[in-house]
1. If I filter segment 222-256 down to residues being of a type in the set (Gly, Ala, Ser) and within 16 Å of the ligand (Cβ to nearest atom), which single residue comes out as surrounded by the fewest Cβ atoms within 10 Å (Cβ to Cβ)?
2. So, in segment 425-447, exactly how many residues are assigned to a loop (DSSP other than H, G, I, E, B) and under 12 Å from residue 481 (Cα atoms)?
3. Could you please give the count of residues in segment 139-163 that are under 21 Å from residue 204 (Cβ atoms) and either acidic (Asp, Glu) or surrounded by 22 or more Cβ atoms within 10 Å (Cβ to Cβ) (or both)?
4. Tell me which of these residue 196 doesn't satisfy, since it passes every other one: (1) assigned to a loop (DSSP other than H, G, I, E, B); (2) surrounded by fewer than 22 Cβ atoms within 10 Å (Cβ to Cβ).
5. With farther than 26 Å from residue 383 by Cα, surrounded by fewer than 19 Cβ atoms within 10 Å (Cβ to Cβ), out of contact with any Phe, Trp or Tyr (no Cβ under 8 Å at 6 or more places or on another chain) and not charged (D, E, K, R) as the only criterion, which of 401, 440 stands out?
6. I'd like the residue in segment 192-216 that is in contact with a helix residue (DSSP H, G or I) (Cβ under 7 Å, 6 or more places away or on another chain) and within 16 Å of the ligand (Cβ to nearest atom) and, out of all such residues, is nearest to residue 164 (Cα to Cα).
7. Which members of segment 271-330 meet the condition of being within 16 Å of the ligand (Cβ to nearest atom), out of contact with any helix residue (DSSP H, G or I) (no Cβ under 7 Å at 6 or more places or on another chain) and within 21 Å of residue 224 (Cα to Cα)?
8. Between a first residue in segment 166-190 that is under 12 Å from residue 213 (Cβ atoms) and modelled with pLDDT of 95 or more and a second residue that is assigned to a loop (DSSP other than H, G, I, E, B) and away from the ligand (no atom under 14 Å from the Cβ), which pairs have beta carbons less than 7 Å apart while being 6 or more apart in sequence or on different chains?
Amino acid sequence: QSGTLSIDPAFVVAPVNRRVFGSFVEHMGRCVYGGIFEPGHPTSDDDGLRGDVLELVRELGVTAVRYPGGNFVSGYRWEDGVGPVQDRPTRLDPAWRTIESNAFGLNEFMTWARKADVEPIMAMNLGTRGMQEALDLLEYANHPHGTALSDLRVEHGVAEPHGIRMWCLGNEMDGPWQLGHKTAAEYGRLAAETARALRQREPDLELVACGSSGRSMPTFGTWEATVLEHSYDLVDYISAHAYYELAGDDVASFLASSVNMDRFIRDVVATADHVGATLNSSKTIDIAFDEWNVWYQSALQSDETPGDWTVAPRLSEDAYTVLDAVVVGSLLITLLRHSDRVTVACQAQLVNTISPIRSEPDGPAWRQSIFHPFALTARHAQGQVLDLRVDAPTLVTAQHGEVSVLDSVATYDADTGRLAVFVVNRNPTDAVDFSTDLRGFGEASLTEAVLLADDDLFAANTQEDPDRVVPRSHPSSTVAGTTLRAQLPPASWSMFLLQ
Ligand code: AHR
(Lines give C-alpha, C1' and ligand atoms only; values in the text may rest on other atoms or scores of the structure.)
Protein backbone atom coordinates (compact mmCIF):
# COMPACT_ATOMS: atom_id res chain seq x y z
CA GLN A 1 0.00 0.00 0.00
CA SER A 2 1.16 3.56 -0.58
CA GLY A 3 -0.08 6.96 0.60
CA THR A 4 0.82 10.54 -0.27
CA LEU A 5 0.49 13.81 1.56
CA SER A 6 0.21 17.21 -0.16
CA ILE A 7 1.49 20.08 1.98
CA ASP A 8 1.98 23.74 1.20
CA PRO A 9 3.18 26.41 3.63
CA ALA A 10 0.61 28.85 2.23
CA PHE A 11 -2.38 26.75 3.29
CA VAL A 12 -2.76 27.54 6.95
CA VAL A 13 -5.55 26.33 9.26
CA ALA A 14 -4.63 28.36 12.36
CA PRO A 15 -1.74 28.90 14.75
CA VAL A 16 -0.88 26.01 17.06
CA ASN A 17 -2.64 26.99 20.27
CA ARG A 18 -0.45 25.89 23.17
CA ARG A 19 -3.55 25.26 25.28
CA VAL A 20 -4.29 22.22 23.11
CA PHE A 21 -1.58 20.45 25.14
CA GLY A 22 -3.61 20.69 28.34
CA SER A 23 -4.22 18.01 30.94
CA PHE A 24 -6.58 17.32 33.82
CA VAL A 25 -6.11 16.72 37.55
CA GLU A 26 -9.22 15.41 39.31
CA HIS A 27 -9.71 14.26 42.88
CA MET A 28 -10.19 10.74 41.52
CA GLY A 29 -8.25 7.68 42.60
CA ARG A 30 -4.58 8.55 43.08
CA CYS A 31 -4.30 11.47 40.69
CA VAL A 32 -3.94 14.02 43.51
CA TYR A 33 -3.10 11.91 46.59
CA GLY A 34 -0.11 9.73 45.74
CA GLY A 35 0.11 11.38 42.32
CA ILE A 36 1.05 15.05 42.30
CA PHE A 37 0.89 15.24 46.12
CA GLU A 38 2.63 12.83 48.48
CA PRO A 39 4.07 14.42 51.62
CA GLY A 40 6.97 12.32 52.87
CA HIS A 41 7.91 10.89 49.48
CA PRO A 42 11.70 11.08 49.04
CA THR A 43 11.34 13.48 46.10
CA SER A 44 8.61 15.65 47.66
CA ASP A 45 9.29 19.26 48.56
CA ASP A 46 8.14 21.20 51.64
CA ASP A 47 4.67 21.53 50.07
CA GLY A 48 4.39 17.74 49.73
CA LEU A 49 4.57 17.97 45.93
CA ARG A 50 6.32 15.03 44.29
CA GLY A 51 9.44 16.22 42.51
CA ASP A 52 9.78 13.19 40.24
CA VAL A 53 6.19 13.66 39.02
CA LEU A 54 6.72 17.41 38.52
CA GLU A 55 9.77 16.65 36.39
CA LEU A 56 7.78 14.28 34.19
CA VAL A 57 4.92 16.78 33.91
CA ARG A 58 7.38 19.37 32.60
CA GLU A 59 8.88 16.85 30.19
CA LEU A 60 5.39 15.95 28.96
CA GLY A 61 5.01 19.56 27.84
CA VAL A 62 1.65 20.14 29.49
CA THR A 63 0.59 23.79 29.20
CA ALA A 64 -2.72 24.04 31.08
CA VAL A 65 -4.40 21.86 33.71
CA ARG A 66 -8.08 21.59 34.50
CA TYR A 67 -8.93 21.07 38.20
CA PRO A 68 -10.54 19.73 40.52
CA GLY A 69 -12.94 17.60 38.42
CA GLY A 70 -14.71 16.04 36.64
CA ASN A 71 -17.60 14.31 38.32
CA PHE A 72 -15.95 15.16 41.64
CA VAL A 73 -16.55 18.89 41.24
CA SER A 74 -20.33 18.50 41.07
CA GLY A 75 -20.47 17.66 44.80
CA TYR A 76 -17.45 19.68 45.91
CA ARG A 77 -17.39 22.53 48.44
CA TRP A 78 -14.29 24.55 47.56
CA GLU A 79 -14.22 26.04 51.10
CA ASP A 80 -13.43 22.56 52.48
CA GLY A 81 -10.05 22.66 50.73
CA VAL A 82 -8.72 25.99 52.05
CA GLY A 83 -7.40 27.19 55.41
CA PRO A 84 -5.46 25.31 58.08
CA VAL A 85 -5.23 21.66 57.05
CA GLN A 86 -6.06 20.36 60.53
CA ASP A 87 -9.40 22.22 60.40
CA ARG A 88 -10.50 20.87 57.04
CA PRO A 89 -13.42 18.42 57.07
CA THR A 90 -13.26 14.87 55.82
CA ARG A 91 -16.11 14.26 53.39
CA LEU A 92 -17.79 11.57 51.36
CA ASP A 93 -17.20 11.96 47.63
CA PRO A 94 -20.27 10.39 46.02
CA ALA A 95 -18.86 10.67 42.48
CA TRP A 96 -16.16 8.03 43.05
CA ARG A 97 -17.50 6.65 46.36
CA THR A 98 -14.31 7.62 48.17
CA ILE A 99 -13.29 9.53 51.28
CA GLU A 100 -11.93 13.01 50.61
CA SER A 101 -9.53 14.33 53.26
CA ASN A 102 -9.37 17.82 51.73
CA ALA A 103 -5.65 17.99 52.56
CA PHE A 104 -5.18 19.30 49.02
CA GLY A 105 -7.30 22.17 47.68
CA LEU A 106 -7.28 25.35 45.63
CA ASN A 107 -4.18 27.00 47.12
CA GLU A 108 -2.14 23.80 47.03
CA PHE A 109 -3.15 23.30 43.41
CA MET A 110 -2.11 26.82 42.50
CA THR A 111 1.28 26.27 44.16
CA TRP A 112 1.67 23.06 42.16
CA ALA A 113 0.56 24.79 38.91
CA ARG A 114 3.19 27.48 39.42
CA LYS A 115 5.91 24.88 39.96
CA ALA A 116 4.72 22.84 36.97
CA ASP A 117 4.54 26.04 34.90
CA VAL A 118 0.98 25.36 33.73
CA GLU A 119 -2.05 27.59 33.39
CA PRO A 120 -4.94 26.64 35.70
CA ILE A 121 -8.37 25.92 34.24
CA MET A 122 -10.72 25.87 37.20
CA ALA A 123 -14.06 24.06 37.26
CA MET A 124 -16.98 25.29 39.37
CA ASN A 125 -19.67 23.19 41.00
CA LEU A 126 -22.99 23.81 39.23
CA GLY A 127 -24.32 20.41 40.32
CA THR A 128 -25.14 20.67 44.02
CA ARG A 129 -24.34 24.40 44.10
CA GLY A 130 -25.05 27.54 42.12
CA MET A 131 -24.28 31.13 41.25
CA GLN A 132 -23.54 32.42 44.76
CA GLU A 133 -20.90 29.80 45.47
CA ALA A 134 -19.37 30.46 42.05
CA LEU A 135 -19.14 34.16 42.89
CA ASP A 136 -17.67 33.35 46.30
CA LEU A 137 -15.00 31.16 44.76
CA LEU A 138 -14.10 33.87 42.25
CA GLU A 139 -13.86 36.45 45.02
CA TYR A 140 -11.66 34.20 47.16
CA ALA A 141 -9.41 33.27 44.23
CA ASN A 142 -9.09 36.49 42.27
CA HIS A 143 -9.98 39.57 44.31
CA PRO A 144 -6.86 41.35 45.65
CA HIS A 145 -8.00 42.04 49.24
CA GLY A 146 -10.36 44.15 51.37
CA THR A 147 -13.42 41.89 51.23
CA ALA A 148 -14.41 39.01 53.48
CA LEU A 149 -13.38 36.23 51.09
CA SER A 150 -10.29 37.86 49.60
CA ASP A 151 -9.06 38.68 53.12
CA LEU A 152 -9.72 35.07 54.09
CA ARG A 153 -7.34 34.00 51.30
CA VAL A 154 -4.75 36.46 52.60
CA GLU A 155 -5.27 35.05 56.10
CA HIS A 156 -4.66 31.59 54.58
CA GLY A 157 -1.21 32.76 53.56
CA VAL A 158 -1.87 33.70 49.93
CA ALA A 159 -1.33 37.45 49.71
CA GLU A 160 -1.53 37.80 45.94
CA PRO A 161 -4.74 36.98 44.06
CA HIS A 162 -4.46 33.91 41.86
CA GLY A 163 -5.74 35.69 38.75
CA ILE A 164 -7.39 32.56 37.32
CA ARG A 165 -8.72 33.46 33.90
CA MET A 166 -10.40 30.34 32.58
CA TRP A 167 -13.38 28.70 34.35
CA CYS A 168 -15.62 25.74 33.49
CA LEU A 169 -19.28 26.28 34.36
CA GLY A 170 -19.89 22.84 35.85
CA ASN A 171 -19.03 19.43 34.46
CA GLU A 172 -20.96 17.02 32.20
CA MET A 173 -24.33 18.38 33.27
CA ASP A 174 -25.96 16.36 30.46
CA GLY A 175 -25.02 13.06 32.16
CA PRO A 176 -27.60 11.31 34.36
CA TRP A 177 -24.66 10.12 36.53
CA GLN A 178 -23.76 13.70 37.36
CA LEU A 179 -24.75 15.10 40.76
CA GLY A 180 -27.29 17.80 39.98
CA HIS A 181 -27.81 16.58 36.40
CA LYS A 182 -30.04 19.00 34.50
CA THR A 183 -32.01 19.34 31.32
CA ALA A 184 -30.36 21.45 28.62
CA ALA A 185 -32.78 24.33 29.29
CA GLU A 186 -32.20 24.23 33.06
CA TYR A 187 -28.44 24.13 32.63
CA GLY A 188 -28.42 26.70 29.82
CA ARG A 189 -30.18 29.23 32.06
CA LEU A 190 -27.92 28.49 35.03
CA ALA A 191 -24.77 28.70 32.90
CA ALA A 192 -25.92 31.97 31.35
CA GLU A 193 -26.82 33.63 34.65
CA THR A 194 -23.67 32.39 36.37
CA ALA A 195 -21.57 33.65 33.46
CA ARG A 196 -23.34 37.02 33.56
CA ALA A 197 -22.70 37.34 37.29
CA LEU A 198 -19.03 36.31 37.00
CA ARG A 199 -18.54 38.81 34.19
CA GLN A 200 -20.01 41.60 36.32
CA ARG A 201 -17.00 40.97 38.56
CA GLU A 202 -14.44 40.28 35.83
CA PRO A 203 -15.49 40.96 32.24
CA ASP A 204 -12.41 39.31 30.72
CA LEU A 205 -12.84 35.81 32.15
CA GLU A 206 -12.85 32.94 29.66
CA LEU A 207 -15.88 30.78 30.35
CA VAL A 208 -16.65 27.23 29.23
CA ALA A 209 -20.24 25.96 29.02
CA CYS A 210 -20.74 22.20 29.31
CA GLY A 211 -21.33 20.47 26.02
CA SER A 212 -22.00 16.75 25.71
CA SER A 213 -20.16 14.07 27.68
CA GLY A 214 -19.80 12.14 24.46
CA ARG A 215 -21.05 12.09 20.89
CA SER A 216 -23.21 9.07 21.66
CA MET A 217 -25.26 10.85 24.34
CA PRO A 218 -28.95 10.72 23.37
CA THR A 219 -29.20 14.51 23.79
CA PHE A 220 -26.09 15.22 21.68
CA GLY A 221 -26.66 18.14 19.32
CA THR A 222 -29.86 19.41 20.88
CA TRP A 223 -28.00 19.81 24.19
CA GLU A 224 -25.36 22.09 22.63
CA ALA A 225 -28.00 24.04 20.68
CA THR A 226 -30.22 24.68 23.72
CA VAL A 227 -27.35 25.52 26.08
CA LEU A 228 -25.90 27.98 23.57
CA GLU A 229 -29.28 29.53 22.78
CA HIS A 230 -29.30 30.63 26.43
CA SER A 231 -25.63 31.44 26.86
CA TYR A 232 -24.12 32.30 23.46
CA ASP A 233 -23.17 35.88 24.21
CA LEU A 234 -21.98 35.08 27.72
CA VAL A 235 -19.55 32.17 27.21
CA ASP A 236 -16.49 31.62 25.04
CA TYR A 237 -16.33 27.84 24.71
CA ILE A 238 -18.53 24.80 24.60
CA SER A 239 -16.86 21.68 26.02
CA ALA A 240 -16.57 18.22 24.47
CA HIS A 241 -15.48 14.97 26.13
CA ALA A 242 -14.48 11.71 24.44
CA TYR A 243 -12.87 8.49 25.64
CA TYR A 244 -12.01 5.50 23.49
CA GLU A 245 -11.12 1.91 24.25
CA LEU A 246 -10.40 -1.31 22.42
CA ALA A 247 -13.62 -3.34 22.23
CA GLY A 248 -12.90 -7.08 22.08
CA ASP A 249 -10.34 -7.69 19.37
CA ASP A 250 -11.56 -4.99 16.97
CA VAL A 251 -8.16 -3.35 16.56
CA ALA A 252 -9.08 -1.72 13.23
CA SER A 253 -12.01 0.23 14.73
CA PHE A 254 -9.95 1.25 17.75
CA LEU A 255 -7.15 2.54 15.52
CA ALA A 256 -9.75 4.63 13.70
CA SER A 257 -11.13 6.24 16.92
CA SER A 258 -10.14 9.68 15.70
CA VAL A 259 -12.73 9.39 12.91
CA ASN A 260 -15.34 9.60 15.67
CA MET A 261 -13.54 12.54 17.32
CA ASP A 262 -13.26 14.34 13.98
CA ARG A 263 -16.97 13.96 13.35
CA PHE A 264 -17.79 15.02 16.91
CA ILE A 265 -15.81 18.24 16.44
CA ARG A 266 -17.38 19.00 13.06
CA ASP A 267 -20.86 18.42 14.48
CA VAL A 268 -20.30 20.69 17.50
CA VAL A 269 -18.88 23.42 15.25
CA ALA A 270 -21.91 23.14 12.95
CA THR A 271 -24.32 23.29 15.91
CA ALA A 272 -22.60 26.27 17.54
CA ASP A 273 -22.45 28.12 14.22
CA HIS A 274 -26.11 27.40 13.59
CA VAL A 275 -27.03 29.00 16.92
CA GLY A 276 -24.76 31.94 16.10
CA ALA A 277 -26.53 32.35 12.75
CA THR A 278 -30.00 32.30 14.30
CA LEU A 279 -28.88 34.95 16.80
CA ASN A 280 -27.31 36.98 13.98
CA SER A 281 -24.15 37.03 16.06
CA SER A 282 -20.70 37.80 14.71
CA LYS A 283 -19.14 35.96 17.65
CA THR A 284 -17.59 32.49 17.26
CA ILE A 285 -17.77 29.86 20.00
CA ASP A 286 -14.69 27.65 20.21
CA ILE A 287 -14.46 24.09 21.52
CA ALA A 288 -12.70 23.27 24.78
CA PHE A 289 -12.09 19.52 24.33
CA ASP A 290 -11.41 19.41 28.04
CA GLU A 291 -11.49 15.63 28.53
CA TRP A 292 -10.10 13.16 25.98
CA ASN A 293 -8.04 10.00 26.11
CA VAL A 294 -8.00 6.24 25.77
CA TRP A 295 -9.81 4.94 28.87
CA TYR A 296 -10.75 1.35 29.74
CA GLN A 297 -13.94 2.67 31.27
CA SER A 298 -15.81 -0.60 30.89
CA ALA A 299 -13.40 -2.15 33.42
CA LEU A 300 -14.25 0.57 35.96
CA GLN A 301 -17.98 0.37 35.31
CA SER A 302 -18.03 -3.38 35.82
CA ASP A 303 -17.10 -2.69 39.46
CA GLU A 304 -20.19 -1.30 41.19
CA THR A 305 -18.42 0.31 44.12
CA PRO A 306 -15.08 1.39 42.67
CA GLY A 307 -13.90 3.46 45.61
CA ASP A 308 -15.62 1.50 48.37
CA TRP A 309 -15.38 4.57 50.66
CA THR A 310 -11.61 4.46 51.05
CA VAL A 311 -9.04 7.25 50.70
CA ALA A 312 -7.42 7.57 47.26
CA PRO A 313 -7.98 4.01 46.04
CA ARG A 314 -6.48 2.73 42.79
CA LEU A 315 -9.05 3.70 40.15
CA SER A 316 -8.58 3.29 36.41
CA GLU A 317 -4.82 2.87 36.59
CA ASP A 318 -4.86 1.63 33.01
CA ALA A 319 -1.54 0.19 31.83
CA TYR A 320 -1.29 1.64 28.34
CA THR A 321 -0.03 -0.38 25.40
CA VAL A 322 1.68 0.44 22.11
CA LEU A 323 -1.73 0.32 20.46
CA ASP A 324 -3.16 2.84 22.95
CA ALA A 325 -0.21 5.16 22.29
CA VAL A 326 -0.83 5.06 18.53
CA VAL A 327 -4.49 5.96 19.13
CA VAL A 328 -3.53 8.81 21.50
CA GLY A 329 -1.13 10.10 18.82
CA SER A 330 -3.91 10.08 16.27
CA LEU A 331 -6.39 11.82 18.62
CA LEU A 332 -3.83 14.60 19.07
CA ILE A 333 -3.41 14.81 15.30
CA THR A 334 -7.18 15.31 15.02
CA LEU A 335 -7.30 17.98 17.72
CA LEU A 336 -4.47 19.87 16.00
CA ARG A 337 -6.10 19.57 12.59
CA HIS A 338 -9.08 21.45 14.02
CA SER A 339 -6.95 24.20 15.56
CA ASP A 340 -9.19 26.87 14.08
CA ARG A 341 -11.98 25.82 16.46
CA VAL A 342 -10.49 23.50 19.09
CA THR A 343 -8.41 26.02 20.97
CA VAL A 344 -8.26 24.24 24.34
CA ALA A 345 -7.86 20.50 24.98
CA CYS A 346 -7.10 18.52 28.13
CA GLN A 347 -5.93 14.93 28.12
CA ALA A 348 -7.67 13.23 31.02
CA GLN A 349 -6.01 12.68 33.36
CA LEU A 350 -2.40 13.43 34.34
CA VAL A 351 -1.09 11.00 36.97
CA ASN A 352 -2.11 7.42 37.89
CA THR A 353 -5.80 7.71 36.96
CA ILE A 354 -6.26 7.34 33.16
CA SER A 355 -2.84 8.87 32.78
CA PRO A 356 0.43 9.20 30.87
CA ILE A 357 2.39 9.29 34.15
CA ARG A 358 2.34 6.59 36.82
CA SER A 359 3.74 6.75 40.33
CA GLU A 360 3.98 4.37 43.27
CA PRO A 361 3.79 5.32 46.97
CA ASP A 362 7.33 5.76 48.25
CA GLY A 363 8.40 4.40 44.87
CA PRO A 364 9.29 5.63 41.42
CA ALA A 365 7.34 7.53 38.77
CA TRP A 366 7.47 6.50 35.12
CA ARG A 367 6.24 7.31 31.63
CA GLN A 368 3.42 5.20 30.18
CA SER A 369 3.41 4.47 26.42
CA ILE A 370 0.92 7.29 25.77
CA PHE A 371 3.36 9.78 27.32
CA HIS A 372 5.56 9.67 24.24
CA PRO A 373 3.31 10.83 21.37
CA PHE A 374 1.96 13.59 23.63
CA ALA A 375 5.41 14.84 24.68
CA LEU A 376 6.81 14.76 21.14
CA THR A 377 3.78 16.49 19.63
CA ALA A 378 3.71 19.16 22.35
CA ARG A 379 7.41 19.84 21.83
CA HIS A 380 7.54 19.86 18.04
CA ALA A 381 4.14 21.11 16.82
CA GLN A 382 5.08 24.78 16.47
CA GLY A 383 3.97 27.74 14.39
CA GLN A 384 0.97 27.18 12.14
CA VAL A 385 -1.13 24.10 11.49
CA LEU A 386 -1.21 23.39 7.75
CA ASP A 387 -4.22 22.27 5.78
CA LEU A 388 -3.01 19.12 4.04
CA ARG A 389 -4.49 16.58 1.66
CA VAL A 390 -4.07 12.85 2.10
CA ASP A 391 -4.25 10.44 -0.79
CA ALA A 392 -4.23 6.96 0.72
CA PRO A 393 -6.07 3.62 0.53
CA THR A 394 -9.04 3.01 2.77
CA LEU A 395 -10.06 0.16 5.00
CA VAL A 396 -13.48 -0.82 6.29
CA THR A 397 -13.99 -0.82 10.05
CA ALA A 398 -16.93 -2.23 12.00
CA GLN A 399 -17.48 0.93 14.07
CA HIS A 400 -16.54 3.75 11.71
CA GLY A 401 -17.19 2.38 8.20
CA GLU A 402 -14.64 3.14 5.48
CA VAL A 403 -11.66 5.14 6.75
CA SER A 404 -8.39 6.36 5.26
CA VAL A 405 -5.44 4.29 6.49
CA LEU A 406 -3.48 7.49 7.09
CA ASP A 407 -4.24 10.14 9.68
CA SER A 408 -1.96 13.14 9.52
CA VAL A 409 -1.25 16.74 10.43
CA ALA A 410 1.66 19.09 9.74
CA THR A 411 2.85 22.26 11.42
CA TYR A 412 5.22 24.87 10.03
CA ASP A 413 7.07 27.61 11.82
CA ALA A 414 8.03 30.19 9.19
CA ASP A 415 10.37 31.98 11.63
CA THR A 416 12.57 28.94 12.20
CA GLY A 417 11.78 27.13 8.94
CA ARG A 418 10.82 24.02 10.93
CA LEU A 419 8.27 21.64 9.48
CA ALA A 420 6.82 18.81 11.57
CA VAL A 421 4.75 16.02 10.02
CA PHE A 422 2.82 13.62 12.28
CA VAL A 423 1.27 10.55 10.69
CA VAL A 424 -0.49 7.41 11.88
CA ASN A 425 -0.88 4.25 9.87
CA ARG A 426 -4.25 2.93 11.01
CA ASN A 427 -3.91 -0.30 9.10
CA PRO A 428 -3.48 -3.04 11.73
CA THR A 429 -1.86 -5.53 9.33
CA ASP A 430 -0.17 -3.76 6.39
CA ALA A 431 2.69 -1.29 6.13
CA VAL A 432 2.24 1.85 4.02
CA ASP A 433 4.87 3.38 1.72
CA PHE A 434 4.49 7.02 2.62
CA SER A 435 5.71 10.01 0.63
CA THR A 436 5.26 13.76 0.58
CA ASP A 437 6.52 16.44 -1.77
CA LEU A 438 8.35 19.23 0.08
CA ARG A 439 8.76 21.56 -2.91
CA GLY A 440 7.01 24.42 -1.11
CA PHE A 441 9.59 24.35 1.71
CA GLY A 442 12.78 25.05 -0.25
CA GLU A 443 15.70 22.76 0.47
CA ALA A 444 14.24 21.10 3.55
CA SER A 445 16.26 18.26 4.99
CA LEU A 446 15.27 15.70 7.58
CA THR A 447 16.53 16.58 11.05
CA GLU A 448 14.77 13.82 12.99
CA ALA A 449 12.42 10.93 12.25
CA VAL A 450 10.77 9.03 15.09
CA LEU A 451 8.65 5.90 15.08
CA LEU A 452 6.36 4.38 17.70
CA ALA A 453 5.56 0.81 16.65
CA ASP A 454 6.16 -2.67 17.96
CA ASP A 455 5.74 -6.30 16.93
CA ASP A 456 3.81 -6.68 20.17
CA LEU A 457 0.95 -4.15 20.05
CA PHE A 458 0.09 -4.98 23.65
CA ALA A 459 3.50 -4.28 25.15
CA ALA A 460 3.32 -1.74 28.00
CA ASN A 461 5.68 0.07 30.37
CA THR A 462 5.73 -1.12 33.96
CA GLN A 463 7.48 -0.18 37.17
CA GLU A 464 9.97 -3.01 36.52
CA ASP A 465 10.41 -2.19 32.82
CA PRO A 466 9.54 1.52 32.43
CA ASP A 467 11.18 1.85 29.00
CA ARG A 468 9.73 -1.20 27.29
CA VAL A 469 7.74 1.11 24.96
CA VAL A 470 9.71 4.10 23.72
CA PRO A 471 9.89 5.89 20.40
CA ARG A 472 12.91 5.02 18.28
CA SER A 473 14.59 6.39 15.23
CA HIS A 474 12.65 5.75 12.02
CA PRO A 475 14.54 2.98 10.24
CA SER A 476 13.46 3.79 6.70
CA SER A 477 13.04 7.54 6.19
CA THR A 478 14.85 9.53 3.47
CA VAL A 479 14.60 12.82 1.66
CA ALA A 480 15.64 12.54 -1.98
CA GLY A 481 15.33 15.73 -4.01
CA THR A 482 12.20 17.27 -2.55
CA THR A 483 10.46 14.03 -1.59
CA LEU A 484 10.25 12.60 1.91
CA ARG A 485 9.72 8.84 1.91
CA ALA A 486 9.26 6.35 4.72
CA GLN A 487 7.75 3.00 5.34
CA LEU A 488 5.09 3.18 8.04
CA PRO A 489 4.69 -0.15 9.86
CA PRO A 490 1.16 -1.39 10.63
CA ALA A 491 -0.48 0.35 13.61
CA SER A 492 2.25 2.96 13.98
CA TRP A 493 2.76 6.63 14.89
CA SER A 494 5.53 8.61 13.18
CA MET A 495 6.96 12.09 13.43
CA PHE A 496 9.21 13.68 10.79
CA LEU A 497 11.03 16.94 11.52
CA LEU A 498 12.47 18.93 8.63
CA GLN A 499 14.29 22.21 8.25
O1 AHR B 1 -12.00 11.71 33.77
C2 AHR B 1 -12.86 10.82 34.43
C3 AHR B 1 -14.31 11.25 34.38
O4 AHR B 1 -14.80 11.17 33.08
C5 AHR B 1 -14.61 12.67 34.78
O6 AHR B 1 -14.72 12.83 36.15
C7 AHR B 1 -15.92 12.94 34.12
O8 AHR B 1 -16.10 14.29 33.80
C9 AHR B 1 -15.91 12.03 32.91
O10 AHR B 1 -17.06 11.30 32.81
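1. Restricting to residues being of a type in the set (Gly, Ala, Ser) and within 16 Å of the ligand (Cβ to nearest atom), the top hit is 242.
2. 5
3. Total satisfying the criteria: 5.
4. Every listed condition holds for residue 196 apart from (1).
5. Only one candidate qualifies: 401.
6. Result: 209.
7. If the condition is that a residue be within 16 Å of the ligand (Cβ to nearest atom), out of contact with any helix residue (DSSP H, G or I) (no Cβ under 7 Å at 6 or more places or on another chain) and within 21 Å of residue 224 (Cα to Cα), then 288, 290, 291 are the ones that fit.
8. 173/182; 174/219
The values are calculated or read from the model by the stated rules, or taken from the named source; none is laboratory data. From a predicted model like this one, the values you see are computed outputs, not experimental measurements. Cβ: placed from backbone, ideal geometry, glycine included. Neighbour counts: every protein chain shown.
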